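> If you scroll down you'll find the structure; I have some questions about it.
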Amino acid sequence: MSEPALNWGLALRGSCALLPVLALLLVLVLMDTFKLVRPRRIGWSLLFGVAAGALTFIVNSSIMSLLRWEVFTFAIFVAPLVEEVCKAAYMWWLIRSGRVGFLVDAAILGFATGAGFALVENIYYLKTFAGESPMLVWIIRGFGTAIMHGGATALFAILTRSVSDQRHPGSAAVWLPGLALATVFHAAFNRFMMWPVPTTIALLVVMPVILWLVYALGEKRLRRWLGTGFDRDTELLALIQSGEVGRSPLGRYLHSLRDSFRPDKLADMLCLLRLQTELNIRAKGSLVLREHGLKPGPDPDVRAKLEEVRWLERSVGQAGLLALRPVCRWRDGNQWQRHILEDEN
């Protein structure tokens, strides 16, 4: 084969192996009505996926040399767990640190992490076997294996984000179900790769449907959260600013805490409520503007307010934050809202 023909063949194989997963990631980003995920965070997710791919190559090679199993057996019973743990680590950190607020951004960032993993894996195989394998192999790796990697990590992120609403983010009960689902999904795909074409076609049918359902449910929840959240936060802010909070249920609740907290701590708790409510309203307003294709302008006061909120949280302490939970149900989500405001300002 001549040099130009070889180069064209490699380019075509590379396109089949690398572009489908990036194209699907782009579709997911464009489907995000509220533009929840900044391009920078998607880039970091891709880079972490690349790093996870390099790490798993070393780990899998070491385990294979120890176990001396057949490649197909290893690909079903060991490799899926190793690879999903490495890919899931970054998503678990994002969710635990409050950087993922809804199912939609969980799906995008999870898929981006898996896509980065798939890219480095397919580049390695292209470099090693491009001249020896038929075009069908690279079509299956691009439209099948690569999208499986993105989809598996997206499933982990979606389920983990859902479970984290009911449990402490650091609990194993938060991430174990998602890890189990991603690992079983990955292992099942590898098991049925004995029939590569039907398996790839099935994946191309099932995965977009799953992601579309997640988007539909996620946007429905987000719109409901925006509606009820605006009303609740606006009423709370108006109550605090009116100076009549002492005669309200909130004031009576804070008054009931006087035996547990000093007056200066109670004052800090009320100030924290006011500032966080103002920031919540700002974050929700930003999402509404993004939905209509508008870019929120920077607010010079936001960073100062964020710093003051952090100071007040340290001042009232963990006991004070726990005492505020009955009157500020938004507390579990405010970290994510802060990240939105920090990105904009």
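> Putting +1 on Lys and Arg Cβ atoms and -1 on Asp and Glu Cβ atoms, find which of Gly151, Val137, Leu213 reaches farthest to the positive end of the dipole of region 128-230.
Going by the charge dipole, the pick is Leu213.
> So, one more: Sticking with the crude label model, points 7 Å out along Cα→Cβ, report the distance from Ile63 to Trp195 in nm, one decimal please.
2.7 nm
> Mind scanning Lys87/Lys284; Lys87/Lys305; Lys284/Lys305; Lys87/Lys295; Lys220/Lys284; Lys87/Lys220 and naming the pairs with a C-alpha gap bigger than 26 Å?
Pairs exceeding the cut-off: Lys87/Lys284; Lys87/Lys305; Lys87/Lys295; Lys87/Lys220.
> Then there is this: In the Gaussian network model of the chain, springs joining C-alpha atoms below 10 Å, which of Thr277, Thr33, Thr73 carries the largest mean-square fluctuation?
Top of the fluctuation ranking is Thr73.
> Solvent-accessible area per residue for the chain at a 1.4 Å probe radius, Å²?
Spelled out: the 1.4 Å probe surface of the chain, per residue, equals 50 Å².
> Quick check for me: using +1 on Lys/Arg Cβ and -1 on Asp/Glu Cβ, what's the dipole size of the chain about its Cα centre, in debye to the nearest 20?
Taking the Cα centre of the chain as origin, the dipole is about 560 debye.
> Cα-Cα pairs above 18 Å in region 167-220: how many percent?
For region 167-220, the share of Cα pairs beyond 18 Å comes to 53 percent.
> Name the most mobile residue of Gly53, Gly151, Gly293, meaning the one with the largest mean-square fluctuation, in a Gaussian network model of the chain with Cα contacts below 10 Å.
Gly293
> What is the Cα convex hull volume of the chain when expressed per residue in Å³?
So the per-residue Cα hull volume is 156 Å³.
> Report in % the part of the accessible area of the chain that belongs to carbon and sulfur, leaving out ligands and nucleic acids; probe 1.4 Å.
On the chain, the fraction of accessible area on carbon and sulfur atoms equals 66 percent.
> In whole angstrom, how long is each semi-axis of the equivalent ellipsoid of region 18-88, when you take the square root of 5 times every eigenvalue of its Cα gyration tensor and sort them from largest down?
In descending order, the three semi-axes are 32, 13, 10 Å.
> Sort out the exposed loop GluC sites (Glu not before Pro) in the chain (DSSP loop, at most 13 other Cβ within 10 Å) and tell me the longest stretch that has none.
Maximal segment without exposed cleavage sites: 133-243.
> Give the dimensionless ratio obtained when the Cα radius of gyration of region 1-128 is divided by 2.2 N^0.38 Å.
Its radius of gyration relative to the 2.2 N^0.38 Å reference: 1.22.
> Based only on Cα atoms, what mean projected area does the convex hull of region 94-199 have, in nm²?
7.2 nm²
> Which of the listed residues, Leu26, Leu55, Val71, is farthest toward the dipole's positive end in region 1-84, when Lys, Arg count +1 and Asp, Glu count -1 at the beta-carbon?
Positive-end residue among those listed: Leu26.
> Moving to a separate point now. Report the relative contact order of region 116-215, percent, no decimals, based on alpha-carbon pairs under 8 angstrom and at least 6 residues apart.
30 percent
> Using Cα pairs under 8 angstrom and six or more residues apart, how large is the relative contact order of region 109-151, in percent?
76 percent
> Can you sort Lys265, Lys35 by solvent-accessible area, 1.4 Å probe, largest first?
I get Lys35, Lys265, largest accessible area first.
> Report the extension gain between Arg258 and Ile123 in nm, rounded to one decimal, defined as 0.36 nm multiplied by the number of residues separating them, less their alpha carbon distance.
Difference between extended and current length: 42.3 nm.
The values are calculated or read from the model by the stated rules, or taken from the named source; none is laboratory data. In this text, all values refer to a predicted model and were calculated from it rather than measured experimentally. Cβ atoms come from the backbone with ideal geometry, glycine included; neighbour counts cover every protein chain shown. For accessibility, only protein heavy atoms count, side chains too; no ligands or nucleic acids. Shrake-Rupley method; radii C 1.70, N 1.55, O 1.52, S 1.80 Å.
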